[in-house]
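*Asks:* Structure in structure tokens, see below.
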Amino acid sequence: GAGVSQTPSNKVTEKGKYVELRCDPISGHTALYWYRQSLGQGPEFLIYFQGTGAADDSGLPNDRFFAVRPEGSVSTLKIQRTERGDSAVYLCASSFGGEQFFGPGTRLTVL
Amino acid sequence: AQSVTQPDIHITVSEGASLELRCNYSYGATPYLFWYVQSPGQGLQLLLKYFSGDTLVQGIKGFEAEFKRSQSSFNLRKPSVHWSDAAEYFCAVGARGGTSYGKLTFGQGTILTVHP
């Protein structure tokens with residue numbers, strides 16, 4: 001069956017621009033997670049959805065970052081006024097109460 | 001707050017040799033523990049997990065890990081390494097409950113190089 005998919009796989013943008021990153025979880029998975037992996041580091045938690053609501057957004061670094069999951073399936077991570085420090089791989093994972101299945105990530109480069 | 005330490009940033013072993021990757025965690029109760037592997041350009045793949053019960057857990061690709069509560073450790077082992085095991089390995093601790101249920105905290109990772 002299909003795994004977690006993320007689009008785009010690569011995104012290059014200029015400082016100050018707005019970007020959206022999309023995550024399609026495994027069908028039926030109620031939980032969805034976003035992580036950010038900077039070069040040479042392990043993934044860092046950003047936000048966790050249970051259904052449509054954000055159960056824990058404590059990992060979002062500041063108010064430029066926002067995520068939605070309006071129908072409890074696809075999620076979009078939105079970053080306003082991007083900064084060079086936002087450059088990283090953004091990972092999405094989904095689960096149904098147990099193991100988290102990760103997508104391949106979106107590599108964001110802010111020039 | 002939960003945290004994970006992987007003391008070894010880079011390990012090199014010869015093919016066929018045994019392997020142990022170290023992981024120490026900090027968590028207020030009995031944690032969920034995981035080992036993931038990440039190959040270049042690939043997503044994270046779960047090798048094994050500990051939720052409860054037997055403290056020695058078996059995973060895919062011949063890996064195993066042992067949960068030692070007294071040492072707050074969850075070291076990953078493999079008796080004989082294959083060249084295809086070269087990758088980066090991440091230990092992670094997961095929240096058991098509350099609003100952060102399932103949230104994973106990862107270590108910095110250990111890069112494994114395998115010499116022929």
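*Asks:* Could you state the orientation-averaged shadow area of the convex hull built on the Cα atoms of chain A, in nm² to one decimal?
*Replies:* Values: hull surface 25.9 nm².
Averaging across all directions leaves 6.5 nm² for the Cα convex hull.
*Asks:* Pick from B:E15, B:E64, B:E88: which is most flexible by mean-square fluctuation in a GNM of chain B where alpha carbon atoms under 10 Å apart are linked?
*Replies:* Greatest mean-square fluctuation among the candidates belongs to B:E15.
*Asks:* Let me know the charge dipole size of region B:3-115 about its Cα centre in debye, to the nearest 20, where only the beta-carbon of Lys, Arg (+1) and Asp, Glu (-1) is charged.
*Replies:* Value, rounded to 20: 360 debye.
*Asks:* Suppose we take every Cα in chain B and form the convex hull; what volume per residue is that in Å³? Write out the running numbers ahead of the final one.
*Replies:* On the way: hull volume 11.4 nm³, N = 116.
Per residue, the Cα convex hull of chain B comes to 98 Å³.
*Asks:* Continuing with the same structure: Would you list A:T82, A:T109, A:T13 from fewest to most Cβ contacts within 10 Å?
*Replies:* On the way: A:T82 21, A:T109 13, A:T13 16.
In order of increasing Cβ crowding within 10 Å: A:T109, A:T13, A:T82.
*Asks:* Can I ask one more? As a footprinting exposure proxy, order A:L21, B:L46, A:L91 by other Cβ within 10 Å, with the fewest listed first. Intermediate values should be presented prior to the final figure.
*Replies:* Values: A:L21 20, B:L46 16, A:L91 25.
Ranked by crowding around the Cβ, least crowded first: B:L46, A:L21, A:L91.
*Asks:* Further question on the same structure: With the Cα gyration tensor of the protein assembly as shown in hand, give its eigenvalues times 5 under a square root as the equivalent ellipsoid semi-axes, listed largest first in whole angstrom. Spell out each step's value before the answer.
*Replies:* On the way: eigenvalues 176, 85, 49 Å².
Rounded to whole Å, the semi-axes are 30, 21, 16.
*Asks:* I would also like to ask the following. Whole angstrom only: what separates the Cα centroid of region A:52-111 from the Cα centroid of region B:10-39?
*Replies:* A separation of 26 Å, based on Cα centres.
*Asks:* Have a look at region A:60-111 and give its Rg and Dmax from the Cα atoms, expressed in angstrom.
*Replies:* 12.7, 38
No value in this document is a laboratory result; all are computed from the given coordinates. What you see is a predicted model; the values in this text were computed from it and never measured. We place every Cβ from the backbone using ideal geometry, glycine too, and count neighbours over all the protein chains shown.
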